[in-house]
Amino acid sequence: MPKLFTIGEALIDFIPDTRGIELKHVAGFTKEAGGAPANVACAAAKLGANSAFIGKLGMDAFGDFLIETLEQAGVDTRRVFRTKEANTALAFVSLKADGDRDFSFYRNPSADMLLSADEIDGNWFAAGDILHYCSVDLIEAPVKYAHLKAIEAMKAAGGFISFDPNVRLPLWADQEECRQTILQFLPLSHLVKISSDELTFITGIEDEKEAIASLFVGEVQAVVYTRGSEGAAWHTRSYDVSVPGQKVTVADTTGAGDAFIGALLYQLLLNEGSAAELDKAKALRILAFANAAAALTTTRAGAISSLPALHELPSL
């Protein structure tokens, strides 16, 4: 099987002991490993994928914990660098009554932001491999240029590029800079995963169909549109398929989107890392598989700790 590489932030999520109150009133937290690219690497690895994480952590106890967590999930950490120049990023999460979240981040700067282009080796990648990234580490910092080099190197190797904007506006000094940066990276990607609460912000278009159509720029082959409890849709230039949401008792939505895309990319690895070659029926099956992974994740607390194993999901 080809290999999934994810690049970007790994951090510590501090999850509140009490649901439904503002962050300022939370008295206690539970430490959980997090960061969307790290979560995705773990999600795919727990399903059986050959998975690696590219990033940078502080030389601190939190960095040690993240390395151990990634390795326990089966993720290759040989491309995780360590630094004394900044600490590992922290995120304090406030859970609303419906399981949704608010975030407060501590990363000014954090170690992940210091990953440099010089640390990316194009020889890591091979034909059929997948590189997945998000927008949190596309801020104006060395890590942005590490992403650009990794994308270029993966394409040169004949690999596939997956982008989940995963918008976190509190991490940007300017919302328009966030939007424009995402628009800059969209054409570089083969697959774009976008959620219903991000679509209008990123595209500037209110009409859903028009907004999704506008994402087919540059090298984009497929757009995966997630709608939370209402399910998800797979769009290409030639066909669309969708699956409904699953009714579950939600405990925590943290990591659900990452479980979704991790499961989807796992299936693409089985398909030799290509979305362009999928027919309508296969795309529908992959979408249903990913949707089941996300739904199961929401019934458990935490991000990486809640990710499903392959035997817990329906077979294709």
### Task
Would you be so kind as to identify which of GLY128, SER238, ALA111 lies farthest towards the positive end of the dipole of the chain, taking Lys and Arg as +1 and Asp and Glu as -1 on Cβ and the Cα centre as origin?
GLY128
### Query
Between the range 236-274 and the range 276-316, what is the C-alpha centre distance in whole Å?
5
### Task
Treat every Asp and Glu Cβ in the range 169-211 as -1 and every Lys and Arg Cβ as +1, leave all other atoms uncharged, and give the resulting dipole magnitude about the Cα centre to the nearest 20 debye.
240
### Message
Counting only protein heavy atoms and a 1.4 Å probe, tell me what percentage of the range 178-312's accessible area is made up of carbon and sulfur.
### Response
51
#### Entry: Accessible surface of the range 1-138 [probe 1.4 Å, protein heavy atoms]: carbon and sulfur percent
45
## Note on the structure
For ARG78, ARG19, the accessible-area ranking with a 1.4 Å probe, largest leading, is ARG78, ARG19
### Message
Output wanted: per-residue J couplings in Hz (rounded whole) for the range 80-94, from phi through Karplus 6.51 cos²θ - 1.76 cosθ + 1.60, θ = phi - 60°, x for Gly and Pro.
### Response
9, 9, 10, 9, 9, 7, 7, 8, 4, 5, 10, 9, 9, 10, 10
### Query
With charges set only on the Cβ (+1 for Lys and Arg, -1 for Asp and Glu), what does the dipole of the chain come to about its Cα centre, in debye to the nearest 20?
560
### Cβ-based charge dipole, the range 1-112, positive-most Cα from PHE65, GLY28, ALA44
ALA44
## Note on the structure
Quick calc, the range 143-190, dipole around Cα centre from Cβ unit charges on Lys, Arg (+) and Asp, Glu (-), nearest 20 debye, gives 160
### Task
Between the alpha-carbon centers of the range 190-216 and the range 137-161, tell me the distance in whole angstrom.
22
### Message
Test of the criteria: in the range 243-316, which trypsin sites (Lys or Arg not before Pro) are in a DSSP loop and have at most 12 other Cβ atoms within 10 angstrom of their Cβ?
### Response
LYS247
#### Entry: Options ALA211, GLN180, LEU191, ranked by Cα towards positive dipole end of the chain, top entry (Cβ charges)
LEU191
### Mean Cβ count within 10 Å, highest first, over the residues of peptides 258-268, 34-44, 193-203, 105-115
34-44, 258-268, 105-115, 193-203
#### Entry: Solvent exposure of the chain as accessible area per residue, Å², 1.4 Å probe
40
### Message
Students often forget the sequence filter, so: which lysines lie under 30 Å Cα-Cα from LYS31 once same-chain residues fewer than 8 apart are removed?
### Response
LYS3, LYS46, LYS56, LYS84, LYS96, LYS144, LYS193, LYS247
#### Entry: Accessible surface ranking that places the most exposed of TRP234, TRP124, TRP172 first, with a 1.4 angstrom probe
TRP124, TRP172, TRP234
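The values are calculated or read from the model by the stated rules, or taken from the named source; none is laboratory data. The structure displayed is predicted, hence computed values, not measured ones. Cβ sites come from the backbone with ideal geometry, for glycine too, and all protein chains shown count toward neighbours. Protein only, heavy atoms only, side chains kept; ligands, DNA and RNA dropped before computing areas. Shrake-Rupley method; radii C 1.70, N 1.55, O 1.52, S 1.80 Å.
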